[in-house]
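Notes follow the structure.
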Amino acid sequence: MSADDELRTTARRVIDANRYLVLGTLDPDGRPRLSPVYFTPARYRDFYWVSSPDAHHSHNVRERPAVEIVVFDSSVLPNQGQAVYISATAREVPPDDLPDVVGEAFDPGGRGGKAFAPEELSGDGDLRLYVATATAYDVHVGAGHPTHGTGIDRRVATDPTE
């Protein structure tokens, strides 16, 4: 396995193994807003979550769709952590698109989340479906990593979709 393949594999493994991501949005005053959200990945490119359209981060996504995402396992011991950092563009999925994407947005058999029907995510429903489409990825590489380690923790660019 090449060094690049190793990074892509790490990114895929981290995304597949975790159910929550930290969504970073920007408030109107430029302050970051961080929100943990339960997510479903599709093709390692699209990251879906359900939220109230009145949630703080939902307002931020409507006004400033550029977001940052971190996926990681917080239960591991120090120096054993792996993470994927994702730059993305987020949006609410329009009602007309819901029937086409709910199949990939909800995978109750594999991830444990509820599979919402399109009518629950539109009209008078309290929730909406959001998607962040990745534009760039970095993988956390620990200081002592056997292939990529340099003595300090750092981020290394990769693309798990390749």
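What the table shows:
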| quantity | calculated |
| --- | --- |
| Scaled radius of gyration (Cα, divided by 2.2 N^0.38 Å) that the chain gives | 1.09 |
| Positive-end extreme of charge dipole, the chain - chosen from G142, P118, A83 (charges on Cβ) | G142 |
| Unit charges at the beta carbon, dipole of the chain: most positive-side option, V131, P99, A157 | A157 |
| Unit charges on C-beta of K, R, D, E only; dipole of the chain, Debye | 500 debye |
| Within region 81-116, backbone nitrogen closer than 18 Å to the virtual label 7 Å beyond the Cα of T150 toward Cβ | 83-85 |
| Relative contact order %, the chain, counting alpha carbon pairs below 8 Å whose residues are six or more apart | 26 percent |
| Part-to-part distance (alpha-carbon centres) for region 82-105 and region 6-50, which is given in Å | 10 Å |
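FYI, it's all coordinate maths here, none of it is from the lab. Not measured: the values here are computed from a predicted model. Methodologically, a virtual Cβ is constructed for each residue, glycine included, from the backbone with ideal geometry; neighbour enumeration extends over all protein chains shown.
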